[in-house]
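Below: the structure, in structure tokens.
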Amino acid sequence: MTTTETRRRLRDATKKSWAEPWKIKMVEHAHWTTREYRAQCLAEAGYNTFLLRSEDVYIDLLTDSGTSAMSDHQWAGMMLGDEAYAGSRNFYTLEAAIQKYYGYKYIVPTHQGRGAENILSQIYIEKGDFVPGNMYFTTTRLHQELSGGTFVDVIIDEAHDPQSLHPFKGNVDLDKLEALIAKVGAEHIPYVCLAATVNLAGGQPVSMQNARELKALCARHGIPVMMDATRAVENAYFIQQREPGYGDKKIAEILYEFCSYTDGCTMSGKKDPLVNIGGWLALNDYEKFEEARNMVVVYEGLHTYGGMAGRDMEAMARGIEESVDDDYMRSRIGQVVYLGQKLLDWGVPIVQPIGGHAIFLDARRFYPHIPQDQFPAQALAADLFLEGGVRAMERGIVSAGRDPATGDHRYPKLELVRLTIPRRVYTQAHMDVTAEAVEETFWMRDRATGLRMIYEPKYLRFFQARFERM
Ligand code: P71
């Protein structure tokens with residue numbers, strides 16, 4: 001082996017399985033508990049998995065947000081934190097990583113994704129505006145509403161059908177968008193929000209072609225496209241796997257091209273970028289950037305830390321680089337597919353195609369006898385914890401909240417329970433245990449009962465609402 005090049009070619013042989021390109025250096029104890037104990041925990045938590053204590057959970061699939069395991073390289077970077085109030089070295093490293101992999105010009109750091117959403121909404125949205133998006137996300141829509149805007153769903157219809165096998169269920173329906181522009185006027189649409197992948201549709205991707213066409217349409221009307229880039233690297237993986245012409249491209253290249261069809265992004269660093277806290281807002285328009293940089297000091301912190309410690313920014317810069325590695329992403333989504341395929345083989349109703357960060361159980365088909373206003377997905381998430389010590393998250397009527405105009409529940413078509421896979425945390429055996437817990441709950445589905453809501457907070461009710469068994 002003479003040259004580095006030869007060594008690398010020999011070393012980088014592609015393996016057949018999705019096995020992880022890493023090994024485990026440190027472990028954290030996880031407790032197994034009795035069913036009786038878990039029944040008590042659930043009653044105390046008002047049947048809301050957000051109100052359980054983490055130490056009572058065996059396998060925690062509540063979210064992939066902030067739950068990643070960092071690499072030794074990231075931990076080493078934590079020791080290089082420059083904790084200066086202003087001008088931290090780590091900010092410039094982070095800025096350079098974002099510019100290199102995402103391609104945006106100007107970066108405003110924030111404490112997490114919703115910090116960026118708050119600033120973006122405040123600087124772009126005027127009272128009475130409409131903000132089209134490819135399906136709502138809870139925090140994103142709330143910030144749009146708090147700024148006086150109205151969210152309008154312009155995702156393709158297939159996204160609302162858990163059984164549709166469309167390969168890019170996250171796509172924007174350009175006809176729906178055109179119709180909205182014709183109806184309200186481009187001047188009342190401050191930007192289009194393009195999420196990639198789409199969380200609440202089941203982690204479903206947007207195709208490159210759709211992003212390209214969306215950009216062309218919006219450019220004709222002078223409307224910017226703002227991406228929710230939280231899971232855009234996962235989106236790039238799906239483009240590589242499914243879209244003609246992209247099979248031979250690296251995820252990093254695909255990500256860069258995808259971002260080039262957008263004018264800025266909000267980011268929750270707690271997902272793709274492999275850190276436990278952090279986020280950013282990126283913009284290509286200098287004037288809007290100046291506004292955002294001024295506003296960040298009101299809500300987050302100075303414009304070179306935005307609520308993060310210097311060490312957090314260093315870990316995120318390194319996490320971004322690790323996240324675009326092709327082998328890593330293949331193992332990441334390979335693990336999700338492994339769990340999903342097992343459930344499909346057993347006839348458990350899940351959203352298809354299998355998405356990027358999670359398996360979504362279809363509570364409507366799982367518990368068809370529980371009406372939507374008795375919260376079938378909430379009940380299913382509670383039952384999963386009871387039977388298997390596995391914590392999942394409701395993504396149905398409770399998450400959808402109430403319509404601000406009528407005060408009624410919003411009744412979403414999708415009534416789902418999300419089994420979200422943290423990055424680099426659980427093993428294949430943990431996926432087996434999870435699948436068995438779901439299967440057991442599925443066998444006992446006829447005995448399941450609905451829930452009654454006994455406490456409902458005003459904002460983002462799913463976090464703190466409490467329930468009783470019917
Ligand atoms: C997830 C989360 C975290 C979460 C947020 C709200 C309710 C329940 C759980 C956060 C996202 C996200 C997308 C697409 C923006 C945010 C906010 N997801 N966009 O899935 O998925 O980011 O949490 O860092 O503020 O569990 P933030």
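Among 109, 192, 262, flag the residue with its Cα farthest along the positive direction of the charge dipole of the range 72-323, charges on Cβ as +1 for Lys/Arg and -1 for Asp/Glu.
So the residue we want is 109.
Can you give the accessible area per residue of the chain, in Å², using a 1.4 Å probe?
43
Per-residue accessible area for residue 344 at 1.4 Å probe radius, Å² rounded to 10?
Using a 1.4 Å probe on the heavy atoms, I get roughly 50 Å².
Using only the heavy atoms of the protein chains and a 1.4 Å probe, how would 17, 399 rank by accessible area, largest first?
Accessible-area ranking of 17, 399, largest first: 17, 399.
Positive end of the dipole of the range 72-323, charges at C-beta (+1 Lys, Arg; -1 Asp, Glu), about the Cα centre: which of 172, 317, 155 has its Cα farthest in that direction?
The residue sitting most towards the positive pole is 317.
Between the range 335-401 and the range 90-159, how many Å separate their Cα centres?
The range 335-401 and the range 90-159 have Cα centres spaced 27 Å from each other.
How do 184, 438 stack up against each other in accessible area, from largest to smallest, with a 1.4 angstrom probe?
184, 438
Can you tell me, using C-alpha contacts under 8 Å and at least 6 residues apart, the relative contact order of the chain as a whole percent?
Reported relative contact order: 23 percent.
Ignoring everything except DSSP H segments at least 4 long, calculate the 222 nm mean residue ellipticity for the chain; use -39,500 (n - 2.57) per segment, divide by total residues, nearest 500.
It lands at -12500 deg cm²/dmol.
Please name which of 66, 136, 122 has its Cα lying farthest along the dipole of the range 44-178 towards the positive end, using unit charges on Cβ (Lys, Arg +1; Asp, Glu -1) and the Cα centre as origin.
122
Charges at C-beta only: +1 for Lys and Arg, -1 for Asp and Glu. How large is the resulting dipole of the range 198-263 about its Cα centre, in Debye rounded to 20?
The calculation lands at about 80 debye.
Out of the total accessible area of the range 76-219 (probe 1.4 Å, heavy atoms of protein only), what percent is carbon and sulfur?
54
Only bridges with both residues in the chain count here: give the DSSP antiparallel percent, nearest 5.
Here the share of antiparallel DSSP bridges comes out near 65 percent.
Reachable aspartates and glutamates from residue 15, Cα under 18 Å, same-chain residues fewer than 8 places away excluded?
Once the sequence-local aspartates and glutamates are set aside, what remains near residue 15 is 248, 325, 326, 327.
Could you give the length gained by full extension between residue 285 and residue 212, i.e. 0.36 nm per residue of separation minus their alpha carbon distance, to one decimal place?
24.4 nm
Can you give me the distance in nm between label points at residue 260 and residue 17, each placed 7 Å from the Cα along the Cα-to-Cβ direction?
3.8
Looking at the range 72-323, what % of its DSSP beta bridges pair antiparallel, to the nearest 5?
Around 50 percent antiparallel, to the nearest 5.
Hey, can you list the DSSP H helices of the chain whose Cα span along the axis is 24 Å or longer and whose average Kyte-Doolittle score is at least -0.5?
326-345
When only alpha-carbon atoms are used, what values of Rg and Dmax, in angstrom, describe the chain?
Looking at the chain, its Cα Rg and Dmax stand at 21.8, 72 Å.
The values are calculated or read from the model by the stated rules, or taken from the named source; none is laboratory data. Everything numeric here is computed off the predicted structure, so don't read it as measured data. Using ideal geometry, Cβ is built from the backbone for each residue, glycine included, and neighbour counts are taken over all protein chains shown. Side chains included, ligands, DNA and RNA excluded: accessible areas come from the protein's heavy atoms. Shrake-Rupley method; radii C 1.70, N 1.55, O 1.52, S 1.80 Å.
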